[in-house]
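Okay, so here's the structure we're looking at.
The values are calculated or read from the model by the stated rules, or taken from the named source; none is laboratory data. Every value quoted in this text rests on a predicted model; they were computed, and no experiment measured them. A quick note on method: Cβ atoms are made from the backbone with ideal geometry, for glycine too, and the neighbour counts reach across all protein chains shown.
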Amino acid sequence: MSDLSEKSVVESVKPQLFIGGEWRAAEGGGTFAVEDPSTGDTLVEVADATPADGKAAIDAAVAAQKEWAASAPRDRGEILRKAFELIVERTDEIAMLMTLEMGKPLSESKAEIAYGAEFFRWFSEEAVRVAGRYSVAPNGATRLLTLKQPVGPCLMITPWNFPLAMGTRKIGPAIAAGCTMVIKPASLTPLTMLYLADLLAEAGLPKGVLNVVTTKSTGDVMEPIIRDPRLRKLTFTGSTEVGRSLVEQSAEGLLRVSMELGGNAPFLVFGDADLDKAVDGAMLAKMRNIGEACTAANRFIVHESVAEEFSTRLAERMKSLSVGRGTEDGIDVGPLVEGKQRDKVAELVDDAVAQGARALTGGKAVDGAGYFYEPTVLVDVPTEARVFREEIFGPVAPVFTFREDDEAIAMANDTEFGLVAYAFTQDYQRAIRVYEGLETGMVGLNQGIVSNPAAPFGGVKASGFGREGGTEGIEEYLETKYVGLAL
Ligand code: NAP
């Protein structure tokens, strides 16, 4: 158990809207409840923004844009650096807050905070590296100058599964590039973002650069902002279904758009794989964030010669995990974020079992308060089962088998999604064939985690477009201007 009091951590958050550098109630004073998913109890009521509040937020972002774009890159970098340091210093407090609203164990919250904070450090360094180009036109008659300028006011919509990191990897490059923003965190987990807004103000972020809107009337508040002709960019992380509708809305303003959407990651284990490494990688790829990650391994596609050993060892590891409230010591697996999510996981497992799958361990929800589900390994899963196509978002590992390499790659690609894939093999020629053949934006080769602030994160196909992190990350927030210079 942590020394921090849960009550004092929740009370450290201002449960209001943050607009133009001021904390304020929603128009009409409406609020909604934020729940602890391990008990179902309300933690706090937060402001429930209306469309008028949304308009006030984009007004504030637009008002701050010009001056912010003209600020010194070094100053923007220093604000990010300071915010990085404050986050690291306050890791225990933020971790408690995140665990209370989202459910993951404190150790997982701390891992997310370390990862999320790194985006601020990385982009503090990128802020001063934005450069253009000068060249001689091919005919020698003119000179060509290109320069980079901030895109302008951005709308950022983030999901509940990584309440800090999904925000920092958008906010970091936007600040570095000189863009202002309105950010809307998921209504299940808004507290971490409210805390972060306060921390950024303390780090010196000028008023109006970042505005936070929390709401339960999500579509009604977001759509007018997306259709506001002053908005220049929409960046969204969430489900493919919602992403599709937002792309349609963004067509009106022809916005710059980044979409980080759902996944259905294959985890390939070839006959020559180092099984110790493959099982370690599988635990990470499956159980990070209780399986509630877009990068979570969704389908284990294992060569038939090692399938039984791999599955048995994975089941032993899964069985040894302790399930419980994330704030308690020694807990590996917290609750799923809400009842609906747990029911969906249960439905997918029941469907697979009805089609002939067997649970080597787990296979059902945990009785009692909170939305817990047992860590589960399923074998003999037919590819007709829903788990082959749908994102599970829970602690369930279905194992499928293959004979030939081409068959494994075809199975891996047999999905509308294309975010990440994992492959375990010790043969480098096979590895090259495999990573070149996979239709995904990212590949983990002999490793079960790919997320890294210095690398470009993002997907292809129905997993979206655009990249966050790496040197590509800041480009999403920059426009290229070309100036033709007469001699
Ligand atoms: P979601 O239901 O799509 O929600 C994501 C965000 O969109 C939330 O802030 C949500 O607000 C908002 N939203 C919902 N309906 C909206 C609408 N009509 N207009 C504007 N905004 C709307 O997804 P989720 O369940 O929170 O997150 C899980 C999904 O995110 C999974 O599919 C996962 O794979 C994906 N994800 C992808 C990445 C990536 O980088 N590719 C990373 C993490 C998660 P409310 O909370 O108010 O509904």
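The residues on offer are ARG121, ARG143, ARG129, ARG133, and the sole one that is out of contact with any Leu (no Cβ under 9 Å at 6 or more places or on another chain) and modelled with pLDDT of 95 or more is ARG129.
In the stretch 203-215 there is at least one residue that is touching a strand residue (DSSP E or B) at 6+ places or on another chain (Cβ under 8 Å) and near the ligand (Cβ under 10 Å from one of its atoms).
Against the conditions (1) surrounded by fewer than 22 Cβ atoms within 10 Å (Cβ to Cβ); (2) within 16 Å of the ligand (Cβ to nearest atom); (3) of a type outside the set (S, T, N, Q), where does ASP405 fall short? Just the number, please. Status for ASP405: all satisfied but (2). Every listed requirement among (1) in contact with a strand residue (DSSP E or B) (Cβ under 7 Å, 6 or more places away or on another chain); (2) outside any strand (DSSP E or B); (3) of a type outside the set (Gly, Ala, Ser); (4) within 14 Å of the ligand (Cβ to nearest atom) is met by LEU234 save one, (2).
Take GLU93 and tell me if it is charged (D, E, K, R), more than 16 Å from the ligand (Cβ to nearest atom) and under 21 Å from VAL34 (Cα atoms).
Details: charged (D, E, K, R): yes; more than 16 Å from the ligand (Cβ to nearest atom): yes; under 21 Å from VAL34 (Cα atoms): yes.
Criteria met by GLU93.
Take the conditions within 26 Å of GLU384 (Cβ to Cβ), outside any loop (DSSP other than H, G, I, E, B), modelled with pLDDT of 95 or more and within 16 Å of the ligand (Cβ to nearest atom) and apply them to ALA278. Does it pass? Taking the combined requirement at face value, the residue does not satisfy it.
Within the stretch 272-285, not a single residue is on the phi < 0 side of the Ramachandran plot and under 13 Å from the mean Cα position of the chain (by Cα).
When the stretch 452-465 is filtered for residues that are within 12 Å of the ligand (Cβ to nearest atom), part of a loop (DSSP other than H, G, I, E, B) and surrounded by fewer than 22 Cβ atoms within 10 Å (Cβ to Cβ), the ones remaining, listed by number, are PRO456, ALA462. Of MET102, MET156, MET96, all but one fail to be in contact (Cβ under 8 Å) with a residue 24 or more places away in the chain, in contact with a strand residue (DSSP E or B) (Cβ under 8 Å, 6 or more places away or on another chain) and crowded, with 21+ Cβ neighbours inside 10 Å; the exception is MET156.
With respect to LEU199, is the statement that it is in contact (Cβ under 8 Å) with a residue 12 or more places away in the chain and either touching a Gly at 6+ places or on another chain (Cβ under 8 Å) or surrounded by fewer than 24 Cβ atoms within 10 Å (Cβ to Cβ) (or both) true? Spelling it out, LEU199 is indeed in contact (Cβ under 8 Å) with a residue 12 or more places away in the chain and either touching a Gly at 6+ places or on another chain (Cβ under 8 Å) or surrounded by fewer than 24 Cβ atoms within 10 Å (Cβ to Cβ) (or both). Scanning the stretch 388-401 for residues that are closer than 18 Å to LEU314 by Cα and not in a loop (DSSP other than H, G, I, E, B), we see that the one that is nearest to the ligand (Cβ to nearest atom) is VAL396.
Residue count for the stretch 38-85 under the criterion of being modelled with pLDDT under 95 and in contact with a helix residue (DSSP H, G or I) (Cβ under 9 Å, 6 or more places away or on another chain): the result is 2.
Search the stretch 167-195 for residues being more than 15 Å from the ligand (Cβ to nearest atom) and part of a helix (DSSP H, G or I), and hand back the single one that is surrounded by the fewest Cβ atoms within 10 Å (Cβ to Cβ).
Step one: of the stretch 167-195, the residues more than 15 Å from the ligand (Cβ to nearest atom) are 174-180, 195.
Those still in the list that are part of a helix (DSSP H, G or I) too: 174-177, 195.
Values: ALA174: 29, ILE175: 29, ALA176: 29, ALA177: 28, TYR195: 22.
It comes out as TYR195.
Taking the numbered list (1) more than 16 Å from the ligand (Cβ to nearest atom); (2) more than 30 Å from ASP36 (Cβ to Cβ); (3) not in a helix (DSSP H, G or I) in turn, VAL257 passes all entries but (1). Considering only residues in the stretch 27-57 that are without any contact (Cβ under 8 Å) to a residue 40 or more places away in the chain and outside any helix (DSSP H, G or I), the one that is farthest from the chain's Cα centre (by Cα) turns out to be GLY30.
For every residue, the table says whether it meets (1) farther than 22 Å from PRO395 by Cβ; (2) in contact with a Cys (Cβ under 8 Å, 6 or more places away or on another chain).
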position	(1), (2)
GLY103	no, no
GLU112	no, no
PHE119	yes, no
PHE123	yes, no
GLY140	yes, no
LEU145	yes, no
PRO153	yes, yes
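Which residue out of GLY243, GLY262 is in contact (Cβ under 8 Å) with a residue 60 or more places away in the chain, in a helix (DSSP H, G or I), within 16 Å of the ligand (Cβ to nearest atom) and touching a strand residue (DSSP E or B) at 6+ places or on another chain (Cβ under 9 Å)? Only one candidate passes the filter, namely GLY243. Might you check whether a residue that is of a type in the set (Phe, Trp, Tyr), in the same structural domain as GLY470 (by TED's automatic domain parsing), under 30 Å from LEU254 (Cβ atoms) and surrounded by fewer than 16 Cβ atoms within 10 Å (Cβ to Cβ) occurs anywhere in the stretch 105-120? No, the stretch 105-120 has no match at all.
May I ask you to verify whether ARG386 is among the basic types (Lys, Arg), within 25 Å of GLY238 (Cα to Cα) and either modelled with pLDDT of 95 or more or not assigned by TED's automatic domain parsing to the domain that holds GLU316 (or both)?
yes
Within the stretch 309-341, count every residue that is closer than 12 Å to SER38 by Cβ and crowded, with 17+ Cβ neighbours inside 10 Å. It would help to see each step written out before you state the result.
Of all residues in the stretch 309-341, those closer than 12 Å to SER38 by Cβ come to 323-328, 331, 333-338.
If we keep only those that are crowded, with 17+ Cβ neighbours inside 10 Å as well, we get 323-327, 331, 333-337.
Residues in the stretch 309-341 being closer than 12 Å to SER38 by Cβ and crowded, with 17+ Cβ neighbours inside 10 Å: 11 in total.
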